[in-house]
Amino acid sequence: GMQYLVRQSLFSIGGSFTIDDAYGTPVLWVRSAILSLGRKLDLMDASGAVIVRIQQRAVSVRHTYEISHNGQAICEVRKDLSNPFGSHFSVRGPGAEYDVRGDRSSWNYAISVRNILVATIGMPPSRGGSAFVVDMAPGQNVPVILAIAIAIDEIGHAER
């Protein structure tokens, strides 16, 4: 599969950074802004066109993010609060349905569709908490899965 390195943890205030492929080549640019209603992050291509937007939901700021494209919702990433000890997330919407299970203490997550593993999220061996790696099976919606991973990172940092 393909491996992507998300360069910077997103709890740093604002700014922009890149998501790189396994060869260190930037594939997506992320622009982060803090709005009155919470945080907004745009994943952009090299031309600056927004591919997906990640937006905190004001209703439940800490636990829900909406991923959208051109104003159309793709899915919501929501912390599963029925399981206080595990780090489980449900991703549901018209454009995507995933289940995410993992362990926040070791920062390792598995993203699956109907019990088929499609991606994992983990820390790279060499960089502290400043980056994470997303490994993806072939044929996945790369920007959406990367956006899901970023939303999970955001939710985790909001709880620390």
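The values are calculated or read from the model by the stated rules, or taken from the named source; none is laboratory data. A quick note: this is a predicted structure, and the numbers were derived from the prediction, not measured. Cβ atoms come from the backbone with ideal geometry, glycine included; neighbour counts cover every protein chain shown. Protein only, heavy atoms only, side chains kept; ligands, DNA and RNA dropped before computing areas. Shrake-Rupley method; radii C 1.70, N 1.55, O 1.52, S 1.80 Å.
Figures for the structure shown
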read-out	value
Condition broken by Ser16, with the remaining ones in (1) open to solvent by 20 Å² or more (accessible area, probe 1.4 Å); (2) modelled with pLDDT of 90 or more satisfied	(2)
Every pair of residues 6+ apart whose Cβ atoms lie under 8 Å, when the first sits in the stretch 135-156 and is within 17 Å of Ala22 (Cα to Cα) while the second is modelled with pLDDT under 95 and assigned to a loop (DSSP other than H, G, I, E, B)	Asp135/Gly1; Met136/Gly1; Ala137/Gly1; Pro138/Gly1
Output for the stretch 71-113, where each listed residue is surrounded by fewer than 14 Cβ atoms within 10 Å (Cβ to Cβ) and modelled with pLDDT under 90	Leu81, Ser82, Asn83, Pro84, Phe85, Gly86, Asp103, Ser105, Ser106
